[in-house]
């Protein structure tokens, strides 16, 4: 692609505005439109001096030359909006999760193949220095055979986050704690160690009964198809503020723990015949006022989209990987749903 790549952003919440800001800052991109069902003033999109639409179909029909549509809307809308953009022959950048079911992800991938367009997934935690480092360690098999992997995700999401009348907390638009809060960490698990089987779990809703339609906590264990066992323990019932997001890996030739609130620090590294390198700084977490999210790495996402479409590199997260994360969560939630019957 020659010249600047033209982007349109659908959904002007916190993440949508972050996408728009990163696009405006990039030397090889142009923000040409933004869209939200609410007004420009209501969503706080007055800083973006481009046409504003309240209907995505109208935007696609009236704005010429859009190359890429960034879908940053509630989770339950991702599939239909990705397909709509692809039908108009646009490339797509879709915030996590790609959809709320494997079948919906398959529909997106089918349409992308049919229209010869690319779907980029947003899993920005892959760009953090500890994530890049542990990926190289695992790929080089420096830890030897993987025995055990434990992921702990303990965050705060309370009435300050789950507003009455908002999409967050609903089964149809939010989908559940693993989709909205912790899909990044399931992505890291899949990225590092591959698919899982023999899923078992226990789930509870400790203090979100009046706030959400699903669990706030879970203890899930499984077996990796490539060997070893794993678990993810998660909760949004932590009082007042996030506690930690951590990963502990035990292998035949060493052990590693990456911790901190957002899996942003290497807390322990003891590997046979290996000296831990000094890593670069990790970007701060996305700050939404009363709560915080994952690392602010969305600039790297836009860089990768531009470099991929201009033929300089390969995608960081493709649609098939997005499907696998959704499928894993769907299989975990099948265990949750069995307990609720």
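Since every read-out is calculated from the coordinates, none of them should be taken as a lab result. None of these values were measured; they are calculated from a predicted model. When we count neighbours, we look across all protein chains shown, and the Cβ atoms used for this are built from the backbone with ideal geometry, even at glycine.
Let me make sure I get this right: for the range 124-173, a, b and c are the square roots of the gyration tensor eigenvalues over alpha carbons, sorted descending. Under 1.5 in a/c it's rounded, otherwise prolate if a/b > b/c, else oblate. Which is it?
Prolate, since a/c reaches 1.5 and a/b exceeds b/c.
What whole number of Å gives the distance from the Cα centroid of the range 89-120 to the Cα centroid of the range 187-215?
A separation of 23 Å, based on Cα centres.
Helix 319-340 versus the longest principal axis of the chain: what is the Cα-based angle in degrees, 0 to 90, to the nearest 10?
60
By how many degrees, 0 to 90 and rounded to 10, does the Cα axis of helix 14-25 deviate from the longest principal axis of the chain?
Approximately 70 degrees, to the nearest ten.
Report the label-to-label distance for residue 136 and residue 206 in nanometres (one decimal), using points 7 Å from each Cα along the Cα→Cβ vector.
Output for this residue pair reads 3.8 nm.
Once R0 is set to 35 Å, what does the formula 1/(1 + (r/R0)^6) return for the Cβ-Cβ distance between residue 40 and residue 275, expressed as a FRET efficiency to the nearest 0.05?
Efficiency, rounded to the nearest 0.05: 0.10.
In nm, to one decimal, how far is the modelled label at residue 307 from the one at residue 160, with both set 7 Å along Cα→Cβ?
It works out to 3.6 nm between the two label points.
Which ordering of 191, 239, 167 is given by a fewest-first count of other beta-carbon atoms within 10 Å?
With the sparsest Cβ surroundings first, the list reads 239, 167, 191.
Project the alpha carbons of the chain onto their principal axes and report the range along each, largest first, in whole Å.
58, 48, 38
Between 0 and 90 degrees, rounded to the nearest ten: what's the tilt of helix 129-139 against the longest Cα principal axis of the chain?
The helix 129-139 is inclined about 60 degrees to the chain.
Roughly how many nanometres apart are two label points built 7 Å out from the Cα toward the Cβ at residue 340 and residue 115?
3.2
Given Cα pairs under 8 Å that are at least 6 residues apart, what percent is the relative contact order of the chain?
19
Compute the relative contact order of the range 92-209 as a whole-number percentage, counting only Cα pairs closer than 8 Å that sit 6 or more residues apart in sequence.
Rounded, it is 30 percent for the range 92-209.
Relative contact order for the range 126-293: what percent, with Cα pairs under 8 Å and sequence separation of 6 or more?
Over the range 126-293, the number comes to 31 percent.
With only alpha-carbon atoms in the gyration tensor, what are the semi-axes of the equivalent ellipsoid for the range 5-121, in Å, largest first?
22, 15, 13
If you take all C-alpha pairs in the range 126-293, what percent of them are over 23 Å apart?
42
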